[in-house]
Amino acid sequence: MSASEAYLAAIGVSSLPPRTAPFDPGYSPVEVASHLEQSAHLMATIKISMACWQIANPEASRAKVQAARNAGVEATTGGGPFEVAVAQGQLPLYLDLCASFGFQRIECGEGFTTLEDEPRSIIEAANERGLAVQYEVGPKHDGPMTKGTIKELLDRAARWLDGGAVQIVVEARESAVGVGLFDEQGALDPSLAHAFADRFGLDLVTFEAPTKSSQFAFLDLFGPSVGLSNVRLEELLRVEIYRRGLHSDAFSQPNLTPARSATADVSEHG
């Protein structure tokens, strides 16, 4: 145990598995590798996001994916390129491309397109190429989810899990305003968030949280076990100190405050 780990244990900070999936919006391979060196142990996966990896120097994109693999972090694509590939009738070619770059997971979705194929057939095609699948649920352009639309979205997510998807990702784009679980003022709807957590459990659901307010809102609501994604690489450590109750705003949250340890009690009163 390192000195830092011993200190954190002494002040009551629990050891946590990685629960945040940060994203690279197009940084250089050196930047991505440096973040992995610093924080790979805190990353559930890393998303090489948008379509940037498709138009950058291919060797640079491959270097990012390889850096993640070397660090033991699963590299995934974003959902947008998948939707474009499907709309253009080139899904098999897209899956081949993802596999050739070394990705271990792809994100599928219907945020701005409509799928005709069944989830199972898509997932099987991805699995044949060594690619796991996560499904991003929620529209990108039609406004936030509502109590009227939530059941259909939950059922759609369930179909993907039944078809072999390994995770559900709840849409919030890069704004967390007027999209997904967030209203036009950027306020999180706790009841809709709980609908996903109650239906699938926090191990199978991750919530996109691209902004400080959205990140803190999910952690305040669910505590340290909640999975978060779309967190920019440079914001990962801030999220993780909040998750562990080491941020001043988290220290007053009962479900995030570090538990007082027996060692601390003895040192104070012994």
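Every number here is computed from the coordinates shown, using simple stated rules; none is lab data. It should be emphasised that the depicted structure is a prediction, and the values quoted were computed from it without experimental measurement. With ideal geometry, Cβ positions are generated from the backbone for all residues, glycine too; neighbour counts draw on all protein chains shown.
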- prompt: For region 50-107 and region 160-239, what is the separation of their Cα centres, given in Å?
  reply: 23
Computed lengthening from Thr114 to Glu234, 0.36 nm per intervening residue step minus Cα-Cα distance: 39.9 nm
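Nearest 5 percent is fine: what portion of the DSSP beta bridges confined to the chain is antiparallel?
5
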- request: Return Glu116, Glu37, Glu110 ranked ascending by Cβ neighbour count within 10 Å, so the fewest neighbours appear first.
  value: Glu116, Glu37, Glu110
statement: Nearest-0.05 FRET efficiency for Asp142 and Ala9 at R0 = 51 Å, using Cβ-Cβ distance, is 0.65
Cleavage-rule hits (GluC sites (Glu not before Pro)) in region 148-237: DSSP loop, at most 16 neighbouring Cβ within 10 angstrom: Glu174, Glu184
task: Sort Cys98, Cys52 so the one with the fewest other Cβ atoms within 10 Å of its own Cβ comes first.
output: Cys52, Cys98
Net charge over other residues, Cβ less than 10 angstrom from the Cβ of Arg159 (K, R count +1; D, E count -1): -1
message: Sequence gap of 8 or more, or different chains, plus Cα separation below 21 Å: how many lysine pairs satisfy both in the chain?
response: 5
message: Rounded, prolate or oblate, given the Cα gyration tensor of the chain, with a/c below 1.5 counting as rounded?
response: oblate
message: Can you give me the Rg/Rh ratio for region 158-205, using Cα atoms for both radii and the Kirkwood formula for Rh?
response: 1.03
- request: Evaluate the distance, in nm, between pseudo-label points positioned 7 Å from the Cα of Ala99 and of Arg159 along their respective Cα→Cβ axes.
  value: 2.5
message: Looking only at region 106-189, where both bridge partners belong to it, what percent of the DSSP beta bridges are antiparallel (to the nearest 5)?
response: 20
message: Just want the answer: with Cβ charges of +1 for Lys and Arg and -1 for Asp and Glu, which residue in Leu91, Ala75, Ala126 is farthest toward the dipole's positive end in region 17-232?
response: Ala75
